[in-house]
1. What does the net charge come to around Thr594 if you take all other residues with beta carbon closer than 12 Å to its beta carbon, with K and R at +1 and D and E at -1?
2. What angle, in degrees between 0 and 90 and rounded to the nearest 10, separates the Cα long axis of helix 386-397 from the longest principal axis of the Cα atoms of the chain?
3. For Leu890 and Thr798, FRET efficiency with R0 = 30 Å and r from the beta-carbon atoms, rounded to 0.05?
4. Using Cα-Cα distances under 8 Å and only pairs 6 or more residues apart, what relative contact order does the chain have, in percent?
5. Rounding to the nearest 10 and keeping the result within 0 to 90°, find how far the Cα-based axis of helix 772-798 lies from the longest principal axis of the chain.
6. Among 756-766, 423-433, what's the highest-first ranking by average C-beta atoms within 10 angstrom per residue?
7. Share of Cα-Cα pairs in the range 434-545 beyond 20 Å, in percent?
8. Which value results for Rg/Rh of the range 727-846 when Rg is the Cα radius of gyration and Rh the Kirkwood radius based on the inverse mean 1/r?
Amino acid sequence: MADLKPEDSAQNRPWHHLTAEKVIAELRSDEQEGISEEEADRRIQRYGPNRLPEPKKRSLLLRFLSHFHNLLIYILVAAAAIAGLLGHWVDTGVIFGVVLINAVIGFVQEGKAEKALDAIRNMLAPRASVVRDGTRQNLSAEALVPGDVVLLEPGDKVPADLRLIKSKNLQIQEAILTGESLPVEKSPTSVDERAAIGDRRSVAFSGTLVSAGQGVGVVVATGPATEIGRISGMLAEVERVTTPLLRKMDRFSRWLSVAIVVSVVAIFGVGVWLQGQDMNTMFMTVVGLAVAAIPEGLPAILTVTLALGVQRMAARHAILRRLPAVETLGSVTVICSDKTGTLTRNEMTVRTVATAEHTFKTSGVGYDLHGGFTLDDGEIEAAKYPHLIELMRAAALCNDSALRPHQGQWIVSGDPMEGALLTAAFKAGLDYRREGKRVPRTDAIPFDSDHRFMATLNHDHDGNGFIWVKGAPERLLEMCSWQRSGDGRSAPIEWEYWQERIDAIAAEGQRVLAVAMRPTHADHVELMFDEVDHDLILLGLLGLMDPPREEAIAAISECRSAGIRVKMITGDHASTALAIARQLRLENCGEALTGQDLDRLPEQDWVEVSERVDVFARTTPEHKLKLVEALQKSGHVLAMTGDGVNDAPALKRADVGVAMGRNGTEAAKEAAEMVLADDNFASIAQAVREGRTVYDNLKKAILFLLPVNGGESMTIVVALFAGLVMPITPLQILWVNMVSSVALAMALAFEPPEPNVMRRPPRPPAEPILSALLLWRIAFVSFLFVVGVFGIFLLAQTDGSTLEEARTYAVNTLVTLEIFYLFNARHLGTTALHPKRMFGNRAALIAVVVVIVLQLTFTYAPFMETFFDTRPVDFIHGAEIVGIGVMLFLILEAEKGLRLWVQRRRVRQGR
Ligand code: ATP
């Protein structure tokens, strides 16, 4: 038989009916060692990276053409065609030119927005635990190849199709493939060759989620060859850059367009048939009117503002998975946060070790192995205290972490708390690697935040068996009947003594962990739950310090001034949680409720308690879910953090679910709206700040663009019905709308946060974007624009300027008004008259310079004269134009000042 190369056989054949050994042999892998790095390199060349083919993007040409697929553009093209028929060839050319420029700008902007989102998607790429060359590594899931040995834990997303080799209570949720939402049990036992996908219990399929248990499997198919890859055509949907607000604005501008077209037709009718105006001129006038009134640039500018905001958030470690969350973030009133790692640094150090007879302290910093134990302030030699050694050995071996040197420091792979136990064991003279070889592990029950302990079964080479358990002290006390005395014997447990020790250690803000054991026999190989939950011997307690993050303290006080209440929901002990809450300066750190308290709480009290209390301890994920619901009942909009697989329901239910990027499971990330790349609470506060800023900037773009359109269209309507000459021609209006306005409004996407952005209360979620205030502003500014444009036009005509000159002044006035108005609209809640605010946004300054240069070209370049009928502006008129701009700016600032003054007075009187 020809040599069967793995590449010939892998990928496209079923594996579920073969035995695990056969699969491993055929894939030339090894259960313990995995494959080698070189082999992996070779295979990745052969099979390609383990990712699904990118969803088909529209071709560049199609994307470009889509910018012409728009009601307004159809109107313009029709207008250009009719203008051509009527002999206005220049107009036709200019209209086509402007349509083209607009499409190019839209195309470039859309490209930028898509790129920003692509980059963010890449930041969320899943990772996988793989064994290669005998060592466990955490790799990007893309690097997997057939033959790789992969470890599965609860909350993981299966990274490729795996034939299972080992499993322990492994349950996988396969809804994505089979539609079945209940998890199915998986095991390495082969199944019938004809089994349907849902019955292939020996295979874990790529993209499905591990909901419980553990497993080890060998990769049999990657990328497009996986089951999900075969049907991935269905998943190819790309999320569009949109949010409820953007959709609303999009609908609004479409309706506005239709309304404008209808009124334009009516005006045309009135002009031609009732007033007997010339059809030819009238036609060009109404084209101008339509162009003037429709906010062409608005949708594109809103999209870009949103995409840039999302990109800024990602730079600040807050990655949005669902874009509508940008808006929700601005309305958040409560943030419920985990403690460990989010509010604290998750750099743990064992500080206290309590046995039945002594309370030891440890010295040393972080994970550094230097340091020792003290008793009553005197240094001691740990080896002289056998019960201390026994406790530290158990803590080091009932442990899944490892320490390794990195740039002159010791760092932890795995749980930082467990790493701290290894360091403490070293200080007691125990090297966990040597001890692990002396008493190797046979089986384990992993830690889970529901049962709050971890247990291992180990055997030494003399036939002695040990069950070691470590976990939350209250939980372990329930499981123990005995305690280890200083003489090495077991005595009945003294509840009060231990309780007093637990409270004392927790009151210092240390996290308390208890360690217990039970001897067992040599042929005990599988550890069951019901074997560890009774009659254990308590060895002692460990107190671990985990200092709060400095930046979290600052972020909490920032949240408070922003009207956001921060609550801590932790699995830790109540006293520890309260001590940390005090250091973090939470609002109510006088009381903590535990999960048990919550279980006893009558249903009707949940709403009140969830509002009042800020520290919840010893909670389970179910409590989190109930707290979310209670807070939402009282009208709160809340962000909730989570990392475990069981946190998913609470994350989904919260208005903004926040998953941890580093220590969070894939299941939590999938359920969340936002992922924190650095697991840091301060990043949530940053995200809220950015969310509020994005919303402000969207509002500013609307506030800026609508009055410009309003002013232009009112100018035309007034001229038309007053029987005056048009102060601006349709082509000139096209120029202003599609070139100057778009360039200026684009700057608003880059607007930095307002100084008071985190000092004002959250935005009520139901608040309409076009508030009464905004509508008033739009009307007021439109009116001032009309006055300015007509003012200069009429003035110029009285001082003997030609019609062309007067029109050139009018257009320049319009653009100047826009420039000044930009500075005004950039600040909603404060005066713009401040050097930092005037010049604080480089994008605005660049936009202004660009628009001035374009405007000078428009006014003085001879070729522009041909297209737009412009004339050079002399110094006096130039000064007048700038003067009008300054006047508008001052009037609007005065109006804003007055409004803010009235508002403040009302607030003061209200109090
Ligand atoms: P937070 O929800 O604030 O992140 P947490 O990390 O303290 O809190 P859990 O991880 O649910 O919450 O831990 C709850 C308790 O379980 C801890 O206080 C500790 O006593 C115990 N514990 C945590 N990790 C382990 C572990 N690896 N092995 C044994 N016990 C553990």
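1. On the way: positive: Arg600, Arg618; negative: Glu474, Asp572, Glu591, Asp597, Asp599.
Cβ neighbours under 12 Å give a net charge of -3.
2. 50 degrees
3. 0.75
4. Working: 1712 pairs, mean separation 104.0, N = 911.
Relative CO of the chain lands at 11 percent.
5. Long axis of 772-798 versus the principal axis of the chain: about 30 degrees.
6. Working: 756-766: 14.5, 423-433: 20.1.
My ranking of the peptides, most packed first, is 423-433, 756-766.
7. On the way: 2646 of 6216 pairs.
In whole percent, the share of Cα-Cα pairs in the range 434-545 beyond 20 Å is 43.
8. Numbers: Rg = 17.3 Å, Rh = 16.5 Å.
Rg/Rh for the range 727-846 comes to 1.05.
None of the figures in this text is laboratory data; all of them are computed from the coordinates on show. Since we're looking at a predicted model, the values are computed, not measured. Cβ coordinates were reconstructed from backbone atoms using ideal geometry, including for glycine residues, and neighbour counts include every protein chain displayed.
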